[in-house]
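Beneath this line is the structure, given in structure tokens, with notes to follow.
The values are calculated or read from the model by the stated rules, or taken from the named source; none is laboratory data. Predicted model, so just to flag it, every value in this text is computed and none were measured. Cβ coordinates were reconstructed from backbone atoms using ideal geometry, including for glycine residues, and neighbour counts include every protein chain displayed. Just so you know, the surface numbers come from the protein's heavy atoms only, side chains and all, with ligands and any DNA or RNA stripped out. Shrake-Rupley method; radii C 1.70, N 1.55, O 1.52, S 1.80 Å.
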Amino acid sequence: MEFIDITVGIRNDMLVWPGDEPAKIGWESRIAEGAISNVSSIQIGAHVGTHIDMPLHFFDGAPNLDSLDLSVFIGQVTVVEVPEEKSRIDATFLDSLSLVNVTRLLFKTSNSKLWNDSSHSFHPDYVAVEPGAAQWLVEHGCKLVGIDYLSIAPFNDSVTPHEILLSNNVVILETLDLRDAQPGEYQLICLPLKLESREAAPARAILMKTS
Ligand SMILES: [Zn+2]
């Protein structure tokens with residue numbers, strides 16, 4: 001059985017959304033400084049690194065992590081390769097794929113190559129899901145959609161695709177590293193931190209190839 005880690009590592013100088021606080025990872029105590037043990041401290045935004053968005057992210061009073069349906073995060077997933085020349089994921093492209101199973105979809109785009117340089121500065125022209133494609137996903141019964149950059153939505157329209165997906169209880173998985181994932185079928189295992197009543201949480205996400 002093969003496991004592919006599709007999680008982006010968390011560290012101090014990691015890429016965060018423009019304007020968000022940088023991650024602060026430090027030491028509370030160190031053996032080298034006379035303490036009896038090494039203990040780290042972590043201070044990160046809930047949307048830093050690989051994470052999930054719940055409906056509360058864009059809608060007050062909407063479901064938060066407390067009502068997370070864990071069955072959505074474990075199960076068959078399709079990794080879809082978006083051709084290099086495509087700068088947006090639109091409904092026409094999704095139609096052209098003739099997908100059999102759309103319950104869980106992860107889009108592997110040219111964004112993934114940006115992770116070759118984990119210290120790259122924010123790239124606003126990343127490939128993302130257009131509103132029409134978000135609507136398509138809802139209409140085709142998608143429960144979880146993921147992408148290999150910091151947002152599912154284009155930088156110049158970061159609200160609409162989120163609203164379409166989240167108002168229809170489609171969970172969003174952002175900031176994936178899909179460099180090592182070939183397009184195809186996998187089992188997804190993705191478990192977000194149990195941040196009570198919150199709108200988002202960092203997650204460890206892996207793909208499992210059974211054959
Ligand atoms: Zn987010």
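Screening Lys143 with (1) open to solvent by 50 Å² or more (accessible area, probe 1.4 Å); (2) within 25 Å of Ile4 (Cβ to Cβ); (3) out of contact with any helix residue (DSSP H, G or I) (no Cβ under 7 Å at 6 or more places or on another chain); (4) more than 16 Å from the ligand (Cβ to nearest atom) gives one miss only, at (3). In summary, helices (runs of 4 or more DSSP H) completely within the range 83-179 and bearing 1 or more residues that are at pLDDT 95 or above and in contact with an Asp or Glu (Cβ under 7 Å, 6 or more places away or on another chain) occur at 131-139, 160-166. Scanning the range 68-81 for residues that are in contact with a Leu (Cβ under 9 Å, 6 or more places away or on another chain) and in a loop (DSSP other than H, G, I, E, B) turns up just one, Phe73.
Among the residues of the range 1-16, those that are in a strand (DSSP E or B) and within 18 Å of the chain's Cα centre (by Cα) comprise Phe3, Ile4, Asp5, Thr7.
For the range 173-204, the tally of residues that are touching a helix residue (DSSP H, G or I) at 6+ places or on another chain (Cβ under 7 Å) and within 16 Å of the ligand (Cβ to nearest atom) stands at 7.
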